[in-house]
Amino acid sequence: MIDLGVVNLHFTHKCNYHCKFCYSHFFASKEKELLSFDKWKKIIDLLRPYCKRINFAGGEPLKHKELIGKLINFNHEIGLISTLITNGYLLNNEWLNVYGKNIKAIGISCDSSKESINKLLGRGIGNHVENTINKFNMINKFQNITSKLNTVVNKLNFQENMVDFVLKTGVKRWKIFQLLTIEGENDRYIKELIINKDEF
């Protein structure tokens, strides 16, 4: 049997941010309504023999807080691990207090320690750095949740030293990605943002 290990489940393409390099526009024009809880359960049940962990991503999965929370609980009930990738904006204590006990890790994406750079990239409206630090302070209170920072390295941030910011977040892991082109998905602004291997 094939063991995929981790399945990235792109729960929705909808997002409250407009990151210029985002690749998550899968069939965006065709998504008229979100699948029901029962349909998602069937999908996860089909995946269960082939993986140990479901990584809920988007878009922004917390655009549908109650539904994603119920799926995290369902995942736990059937013995799968749940992790979450978010921009953090919609994350709050109330949601974490209800569903946090069944989450293994939460990753928040932030590409610069400078508000102006994040804004230029489309990540937020000028308060994303402050928001990211605040949300990691909330997450880090949960002993069972590994906090992860995700950063996409591009032309606007590849020479930046983010060490002080990363230390302020208190994260356990920092994942750094090189910006890549995905034709038809994120290539609209890519020429102004792409970097080569040496720059990365």
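In table form, for the structure just shown:
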| item | result |
| --- | --- |
| Highest-fluctuation residue, Asn144, Asn118, Asn102 considered, GNM on the chain with Cα pairs under 10 Å | Asn144 |
| Fluctuation leader among Glu130, Glu33, Glu183 - the chain, Gaussian network, Cα springs under 10 angstrom | Glu33 |
| The chain, helix-only ellipticity at 222 nm - DSSP H runs n ≥ 4, -39,500 (n - 2.57), divided by all residues, nearest 500 | -8500 deg cm²/dmol |
| Listed pairs Lys14/Lys191; Lys104/Lys135; Lys39/Lys135; Lys101/Lys172; Lys20/Lys135 exceeding 20 Å between Cα atoms | Lys14/Lys191; Lys39/Lys135; Lys20/Lys135 |
| Residue-normalised accessible area of the stretch 104-169, expressed per residue, 1.4 Å probe, Å² | 45 Å² |
| Whole-Hz ³J(HN,Hα) from phi, Karplus 6.51 cos²θ - 1.76 cosθ + 1.60, for the stretch 84-94, glycine and proline x | 9, 10, 8, 8, x, 4, 8, 6, 9, 4, 4 |
| Residue among Gly184, Ile108, Ser24 farthest towards the positive dipole end of the chain, charges placed on Cβ | Ile108 |
| Theoretical gain in end-to-end length, Asn127 to Phe200 [0.36 nm per residue, Cα-Cα removed] | 23.7 nm |
| Solvent-accessible area of Lys104 with every protein chain in place, 1.4 Å probe, in Å² to the nearest 10 | 110 Å² |
| Rel. contact order, % - alpha carbon contacts under 8 angstrom, at least six apart, the stretch 86-200 | 26 percent |
| His128 - accessible surface, heavy atoms, 1.4 Å probe, Å² rounded to 10 | 0 Å² |
| Whichever aspartates and glutamates have a C-alpha closer than 19 Å to that of Lys141, once near sequence neighbours (fewer than 8 apart) are set aside | Glu94, Glu130 |
| Listed candidates (1) 28, 21, 16; (2) 29, 25, 16; (3) 89, 13, 10 - label of the one calculated as semi-axes √(5λ) of the Cα gyration tensor in Å | (1) |
| Chain lengthening between Glu33 and Val98 when straightened (0.36 nm per residue, less Cα-Cα) | 20.9 nm |
| Long-range amide H partners of Phe177 with built H, under 5 Å | Thr151, Val152, Val153 |
| Relative contact order computed over the chain (Cα-Cα under 8 Å; 6+ residues apart), in percent | 20 percent |
| Cα long-axis angle, helix 128-139 against the chain (0 to 90 degrees, to the nearest 10) | 40 degrees |
| Gyration tensor verdict on the stretch 1-101 (Cα atoms; rounded if a/c is under 1.5, prolate if a/b is larger than b/c, oblate otherwise) | oblate |
| In sequence order, calculated HN-Hα J values of the stretch 34-46 (Karplus, 6.51, -1.76, 1.60; Hz; x Gly/Pro) | 7, 5, 6, 4, 5, 5, 5, 4, 5, 5, 5, 4, 5 |
| Note, ³J(HN,Hα) from phi for the stretch 149-162, Karplus 6.51, -1.76, 1.60, rounded to Hz, x at Gly and Pro | 9, 10, 10, 9, 7, 8, 4, 7, 10, 5, 9, 7, 9, 9 |
| Amide H within-cut-off set for Ile81, under 5 Å, with H built and near neighbours excluded | Arg53, Ile54 |
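The values are calculated or read from the model by the stated rules, or taken from the named source; none is laboratory data. It should be emphasised that the depicted structure is a prediction, and the values quoted were computed from it without experimental measurement. Please note: Cβ atoms are built from the backbone with ideal geometry, for glycine as well, and neighbour counts cover all protein chains shown. What goes into the accessible areas is simple: the full protein's heavy atoms, side chains included, and nothing from ligands, DNA or RNA. Shrake-Rupley method; radii C 1.70, N 1.55, O 1.52, S 1.80 Å.
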